[in-house]
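Any read-out appearing in this document is the output of simple, stated calculations on the displayed coordinates, not a laboratory observation. Remember, it's a predicted structure, so these values are computed and weren't measured experimentally. A quick note on method: Cβ atoms are made from the backbone with ideal geometry, for glycine too, and the neighbour counts reach across all protein chains shown.
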Amino acid sequence: MIDIIVNSRSKNSLLELKKIENELDGTSYRVLKTSKTKNASDLMDEVRADNLIVIGGDGTVNEVINNYHGKEFIYLPYGSGNDLAKSLKFDRDNIDIRKLVESEKFDEYDVGTVNDKKFCSGFDIGFNADIIKRANNSKFKRYLGKHIYLFEGIMGILKLKRYKAQIVWDDGQLSTDRLYLLNVMIQPFEGGGIKFSPEATGKNDVLHVMIMENMNIAVFIYNYLCLLLNKHHNLKRVKLITTNKLAVMTNQKHFQIDGELVRNREQLNLSCINKFYKLKRM
């Protein structure tokens, strides 16, 4: 028996579901679709089968790991950004669903936590969180797909904000009123395919932290271009940290995890949980 959780709001996910149903012809399975009243986290309480397939984007798998029951599962990424898929080097053309279901092999991955929420890829305060907010409210999102983040990033440069923040990590701290970006990664990619942390693998058992603060706008733009062009060795005045724990106080009213915007109401305590979830592989 197989349970399939699918993001019903995604046309690509629903199209992939049809392919899966054809490939599983003759196999017993049950489809659990997200709705306005039930997200993937809620549906995890309804999972009964030995095998689980999750079809959706970064937000869907984020919901799954926030109510994860410890059993390995198959992840088929079909969202708008699919940053986790890029980090995992997912290749649908080489996936045999039947063999994957029968496989006993899996990889274990870390997650980050911020207070009571978990994330698979990344966390942001500052510029990246503002991009998500702009993208969510943009009338162009339906037309640009994953490119909406690049578009709103360019537009966001014109309205670049800076924030107050106090940041404390294992062996250091920083206080600033000119924070442009605090980026914390578990996997290398986020933001529509930007490699924010080349060193992250999802298996490092640490948080990979990037801080851009106390620099002029020209230097910030230069650094962001370096990230877009994968020229990390050219970054200027950027603080890079690996740490087990991070505490943040900021006046920004929201933060983002795995592409989803969350309201910020208190001190944020971040940490890494080693080998938290398991993804099947052939």
> When the Kirkwood hydrodynamic radius is evaluated over all pairs of different C-alpha atoms of the stretch 173-234, what value in angstrom, to one decimal, is obtained?
Replying inline: 12.5 Å
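Looking at the square roots a ≥ b ≥ c of the eigenvalues of the Cα gyration tensor of the stretch 117-275, which shape do they give, rounded for a/c under 1.5, prolate if a/b is larger than b/c, or oblate? Please list the in-between numbers first.
Working: a/c = 1.31, a/b = 1.25, b/c = 1.05.
Note, shape of the stretch 117-275 comes out rounded.
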> Under a Cβ-Cβ cut-off of 13 Å, what is the net charge of the residues other than LEU24 that fall near it, where Lys and Arg count +1 and Asp and Glu count -1?
Replying inline: -2
> Average projected area of the Cα convex hull of the stretch 2-110, in nm²?
Replying inline: 6.6 nm²
> Out of residues 5 or more away from LEU181 or on other chains, whose amide H comes under 5 Å of its own, with H placed 1.01 Å from N in the peptide plane?
Replying inline: PHE127, MET212
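With 10 angstrom as the radius, rank GLU190, GLU199, GLU213, GLU266 by how many other C-beta atoms surround their C-beta, starting from the fewest. Intermediate results must be reported in sequence, preceding the final value.
Details: GLU190 32, GLU199 12, GLU213 22, GLU266 8.
Placing the least packed residue first, the sequence is GLU266, GLU199, GLU213, GLU190.
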> Within the set LYS164/LYS236; LYS38/LYS118; LYS118/LYS203; LYS139/LYS159; LYS89/LYS236, which residue pairs have Cα atoms separated by over 23 Å?
Replying inline: LYS89/LYS236
> For the peptides 126-133, 93-100, what is the packing order when you average, over each peptide's residues, the other Cβ atoms within 10 Å and list the highest mean first?
Replying inline: 126-133, 93-100
> Summing +1 for each Lys or Arg and -1 for each Asp or Glu, what net charge is found among the other residues whose Cβ lies under 14 Å from the Cβ of ASN67?
Replying inline: -2
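Return the calculated 222 nm mean residue ellipticity for the chain, to the nearest 500 deg cm²/dmol, obtained by summing -39500 (n - 2.57) across DSSP H runs with n ≥ 4 and dividing by the residue count.
Numbers: 9 runs with 73 residues, N = 282.
Only helices count here, giving -7000 deg cm²/dmol.
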> Under a plain spin-label model, where a point goes 7 Å from the Cα along Cα-to-Cβ, how far apart in nm are ASN230 and LYS89?
Replying inline: 1.2 nm
>> Run through the stretch 1-105 and list the GluC sites (Glu not before Pro) located in a DSSP loop whose Cβ has at most 15 other Cβ atoms within 10 Å.
In response: GLU104
> Which whole-Hz couplings ³J(HN,Hα) result when phi for each residue of the stretch 135-141 is put into the Karplus expression 6.51 cos²θ - 1.76 cosθ + 1.60, θ = phi - 60°, listed in order with x for Gly and Pro?
Replying inline: 5, 4, 9, 7, 6, 8, 4
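Test of understanding: what is the full-extension gain from ASN274 to SER28, defined as 0.36 nm times their sequence separation minus their Cα-Cα distance? Kindly include the intermediate steps, with their values, before the conclusion.
Numbers: separation 246, 0.36 × 246 = 88.56 nm, distance 3.36 nm.
Going from the current span to full extension adds 85.2 nm.
What is the calculated FRET efficiency for LEU100 to ARG142, with r their C-beta to C-beta distance and R₀ = 30 Å, to the nearest 0.05?
Values: r = 32 Å, r/R0 = 1.06.
Given R0 = 30 Å and the Cβ-Cβ separation, E is 0.40.
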> Calculated FRET efficiency, LYS164 and THR242, Cβ-Cβ r, R0 22 Å, to nearest 0.05?
Replying inline: 0.35
>> Net charge around ASN115, counting only other residues with Cβ within less than 11 Å of its Cβ (Lys, Arg = +1; Asp, Glu = -1)?
In response: +1
>> For the chain, what does the relative contact order come out to in percent, with C-alpha contacts under 8 Å and a separation of six or more?
In response: 22 percent
> In a solvent-free Debye calculation with one equal scatterer on each Cα, what is log10 I(q)/I(0) for the chain at q = 0.10, 0.13, 0.16 Å⁻¹, listed in the order of the q values?
Replying inline: -0.52, -0.87, -1.26
